[in-house]
Amino acid sequence: MIAVDKPELKLEDHFLIAMPSMLDPIFGGTVVYLCEHNADGALGIIINKSTDMTLDSLLDKIDLKLEIEHKLLPLVTRPVMFGGPVQIERGFVLHEPVGQFSSMLRVNEHVALTTSKDILETVAAGTGPQQLLVSLGCAGWSAGQLEQEIGRNGWLTVRADPSIIFDVPVEQRFAAAVRLLGFDPMMLTAEAGHA
């Protein structure tokens, strides 16, 4: 018998949408933006679970003073997101890929991920990206783990739309991501069908 290699699943720049059957207290009801997905595993940021902290209070906690407060008000009053259960003490910033930062991963021409403090310094100075989502923590999967969860009907996947990350209000992101699949979010069911 000839072995046929299965094509590798590449899901960076995709949304993972939790199925209603996912009762996990961390991932139930979430949309995750995948920044990296390869043979070693996957890394993403939950984009629809906010913390009780806003960006201005986070900047204050890390001793960064806002330089041009009134101009930045809409940006810095946004909630800081709960990005996932991995490295929850660390900041992860999804943003438009402008500027150069110490620890920046360019996902595509519309989205980059930065984990170094220098991006927050530029935000506080009023010179940083205007399109950004700041989170504490991230979501991570070891090699093959995400593929298994998808195979068990834990996640739906769809090519990401950056406007959902940056422009859609937090409470509307789940429905907006599901609509990318071409159906109403109310049509999702916890039942899985198998042929």
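The values are calculated or read from the model by the stated rules, or taken from the named source; none is laboratory data. Keep in mind it's a predicted model, so treat the numbers as computed, not measured. Glycine gets a Cβ as well: all are built from the backbone with ideal geometry, and neighbour counts include every protein chain shown. Remember, those area values only see protein heavy atoms, side chains included, never the ligands or the DNA or RNA. Shrake-Rupley method; radii C 1.70, N 1.55, O 1.52, S 1.80 Å.
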The residue that is nearest to Met19 (Cα to Cα), considering only those in region 171-183 that are touching a residue at least 24 places away in the same chain (Cβ under 8 Å) and open to solvent by less than 30 Å² (accessible area, probe 1.4 Å), is Val178
Only one of Ala176, Ala139 is within 22 Å of Gly41 (Cα to Cα), modelled with pLDDT of 95 or more and of a type in the set (Gly, Ala, Ser), namely Ala139
Among the residues of region 112-123, the number that are outside any strand (DSSP E or B), free of Cβ contacts under 8 Å to residues at least 60 places away in the same chain, within 19 Å of Asp56 (Cβ to Cβ) and not charged (D, E, K, R) is 2
When Ala190 is run through (1) touching a strand residue (DSSP E or B) at 6+ places or on another chain (Cβ under 9 Å); (2) over 28 Å from Phe101 (Cβ atoms); (3) at pLDDT below 90, the failure sits at (1)
Of (1) within 26 Å of Val168 (Cβ to Cβ); (2) loosely packed, with under 15 Cβ neighbours inside 10 Å, Thr114 fails just (2)
Kindly indicate whether Leu94 is closer than 20 Å to Lys49 by Cβ and open to solvent by 10 Å² or more (accessible area, probe 1.4 Å).
-> no
Reported set for region 85-111 where residues are in a loop (DSSP other than H, G, I, E, B) and aliphatic (A, V, I, L, M) is Val98, Val107, Val111
Pairs returned, first residue in region 133-160 that is touching a residue at least 40 places away in the same chain (Cβ under 8 Å) and open to solvent by 10 Å² or more (accessible area, probe 1.4 Å), second residue that is among the hydroxyl-bearing types (Ser, Thr, Tyr) and in a strand (DSSP E or B), beta-carbon separation under 7 angstrom, 6 or more apart or interchain, are Leu136/Thr51; Ile150/Thr157; Ala160/Tyr33
Of the residues in region 42-54 that are closer than 18 Å to Arg159 by Cα and out of contact with any Lys or Arg (no Cβ under 6 Å at 6 or more places or on another chain), the one that is surrounded by the most Cβ atoms within 10 Å (Cβ to Cβ) is Gly44
Does region 126-140 contain at least one residue that is in a strand (DSSP E or B) and touching a Pro at 6+ places or on another chain (Cβ under 8 Å)?
-> yes
